[in-house]
Amino acid sequence: MRALALHGLRHRFGDRAALDDLSLDVAAGEVVAMVGLNGAGKTTALRILTGRLHPQQGTAHVLGADPATLGTTAARRFGHVVGAALVSPDLTVTENVRTAALLHGVARADVPAASAAVVHRLDLDAWAGARARTLSAGNAQRLGIACAVVHGPSALVLDEPTSALDPRGVMLVRELVRSLADGGAAVLVSSHHLDEVARVADRVVVVHGGRDVGELAPGPEMEQRFFARVLEADAGRSGSAV
Amino acid sequence: MTGLGTALRVEALAWRRSTVQRIATPLVLVLLPLASVGTTALARSGAVDGAGAAKLADYAHGPLAVTHLTVAGQVLAVGLLMAAGFAYAAVFGQPLADGRAGSLFGLATQRSTIAQARCLVVLGWAAGCALAAVSLTVVASTAVVTVGGETFTDEAWATAGQALLVGLLAACLAPPFAAVATATRSPLATVGTLIGVVALTQVVVLVGGGAWFPYAVPSLWTGMGGVQVAASVTPAALGLTAAVAPAAIAVVVRQWRRLTDV
């Protein structure tokens, strides 16, 4: 069973096809990066995977369950940051992580230790007592990720997790993602940062025009290979249109 | 623990820390006693004439403490509805408008349970505000009547009890705005609807249909429409008004269970 799976997804917003037969899956212990241009359909796919949007066609599964009706058992093992994180701007960093832990189903007795560990892991100790609304964009992003992983999820979905981070923050998140996967979690990351995903992902899937247009082997010259794949997809599409 | 208890704990903390609560609570607690004692003092000062005096005529005579508490009930009837309505607009409309509501999907604690807890926390806060505001008004009124050589009578205590019930009824009328905020996904549209409902209530009262209209019942019961209309408010009408809260919360829970495209 694939921990995260999208199959034959189609979804339109008005006249625009956001997803056009997109299929993708992530196995336990695997980090898959979804890369693509703006409007490629990445975030729409992630919204479906987190149950926030019902696809017009196709299916999605998280730990074997439909994300739209995810039961408590699967939900306890699932974490995500797609758009806004599970963060209340009026709570402190510690309060946010603790409340996230409670909502994720962590036993009350275990909440302080779990929260302290993830705050430390993401180097947020210095801001533990600061209200979330006072944090810099980078620290706020790390807090969002902390809230998504405080329960040690078996399946994790992150949309642009390093977009606001400084080099140290990027490194911390990369190490976190890699260690979660090494511990058996399935991680799906959407990103524009090709060099970054090359360092952390086991597979890199190129999404273009709402479709999976192939994979890139993580490694050097990602940017050139990415654009070559996109151009190839465009050429194929215009060719088939002709 | 992943049920309502967890959600209540989390939502209560978030509400306690929220800017909206930090502004609204002192406003309600300070303005109500001030408005009650101040309006009565103004009505009895003789400093107001013309249309103003006519509006304040009901407060210009009668036992002082009873008048204070009558005004308190009348202010609470609208003021607490507005405060709790704003609160629901903020806690339900804003997260849907800025996308934070999406983070409540896929949690061990169901989003509908979180919505239920959010409704209950604001309802509890509004009820607490009603109790505290009436208590403070009693304290202020006692101080004023003591200085004036009067006593705080049993009738005044009964009026205080009615003011508290009016406040609780006003709180019960606010949860539908959580449903409005969820449906419109906009705090501004919710506030607009709230103001519209208050205006509609005035129209319903003017055309004489208030005693059955839940949003008019608390005000009418305090005598805003006159003694005769107040007497026409039946226990059934009060019960119907109180029933608005559980009915609206049930609607909100259903809305959040079925919520999509967030």
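The values are calculated or read from the model by the stated rules, or taken from the named source; none is laboratory data. Small disclaimer: the values here were computed from a predicted structure and weren't measured. Positions of Cβ are generated from backbone atoms using ideal geometry, with glycine treated the same way; all protein chains shown enter the neighbour counts. Just the protein is used for accessible areas: all its heavy atoms, side chains included, with ligands, DNA and RNA removed. Shrake-Rupley method; radii C 1.70, N 1.55, O 1.52, S 1.80 Å.
In region B:154-167, the condition of being surrounded by fewer than 21 Cβ atoms within 10 Å (Cβ to Cβ), of a type in the set (D, E, K, R) and not in a helix (DSSP H, G or I) is met by no residue.
Can you tell me how many residues in region A:178-193 are buried (at least 19 other Cβ atoms within 10 Å of the Cβ) and polar (S, T, N, Q)? The qualifying residues number 2. Filtering B:Val191, B:Val229, B:Val217, B:Val204 for residues that are in contact (Cβ under 8 Å) with a residue 12 or more places away in the chain and closer than 30 Å to B:Arg100 by Cα leaves a single hit, B:Val191. Note on region A:12-52: residues that are within 12 Å of chain B (Cβ to nearest Cβ), part of a loop (DSSP other than H, G, I, E, B) and open to solvent by 10 Å² or more (accessible area, probe 1.4 Å) total 1.
Restricting to helices (runs of 4 or more DSSP H) lying wholly in region A:136-242: which have 2 or more residues that are among the small types (Gly, Ala, Ser) and modelled with pLDDT of 95 or more? Please lay out each step first, then the result.
Details: elements: A:137-149, A:167-182, A:194-200, A:222-241.
Passing ranges, in order: A:137-149, A:167-182.
Picking from residues in region A:28-57 that are free of Cβ contacts under 8 Å to residues at least 60 places away in the same chain and touching a Ser or Thr at 6+ places or on another chain (Cβ under 8 Å), the one that is farthest from A:Leu103 (Cα to Cα) is A:His54. Which ones in region A:69-83 are open to solvent by 30 Å² or more (accessible area, probe 1.4 Å), facing another protein chain (nearest Cβ under 7 Å) and either assigned to a loop (DSSP other than H, G, I, E, B) or among the hydrophobic types (A, V, I, L, M, F, W, C) (or both)? Within region A:69-83, A:Arg76, A:Gly83 qualify.
Scanning region B:224-261 for residues that are open to solvent by less than 70 Å² (accessible area, probe 1.4 Å), within 14 Å of chain A (Cβ to nearest Cβ) and touching a Ser or Thr at 6+ places or on another chain (Cβ under 9 Å) yields B:Trp256, B:Leu259.
Quick one: would you say B:Gln202 is modelled with pLDDT under 95, more than 25 Å from B:Ala89 (Cα to Cα) and surrounded by fewer than 17 Cβ atoms within 10 Å (Cβ to Cβ)? Criteria not met by B:Gln202. Confirm whether B:Ala132 is in a helix (DSSP H, G or I), open to solvent by 30 Å² or more (accessible area, probe 1.4 Å), more than 14 Å from chain A (Cβ to nearest Cβ) and in contact (Cβ under 8 Å) with a residue 60 or more places away in the chain. When the stated conditions are applied, B:Ala132 passes them. Filter region B:101-129 down to the residues that are out of contact with any Lys or Arg (no Cβ under 6 Å at 6 or more places or on another chain) and among the hydroxyl-bearing types (Ser, Thr, Tyr), then identify the one that is farthest from the other protein chains (Cβ to nearest Cβ). Looking at the filtered set, the residue picked out is B:Thr113. For region B:53-74, the set of residues classified as in contact (Cβ under 8 Å) with a residue 40 or more places away in the chain, open to solvent by 10 Å² or more (accessible area, probe 1.4 Å) and more than 13 Å from B:Leu169 (Cα to Cα) consists of B:Asp58, B:Pro63, B:Leu64, B:Val66, B:Thr70, listed by residue number.
Among the residues of region A:95-127, just one is among the hydrophobic types (A, V, I, L, M, F, W, C), within 11 Å of chain B (Cβ to nearest Cβ) and open to solvent by 60 Å² or more (accessible area, probe 1.4 Å), namely A:Ala109.
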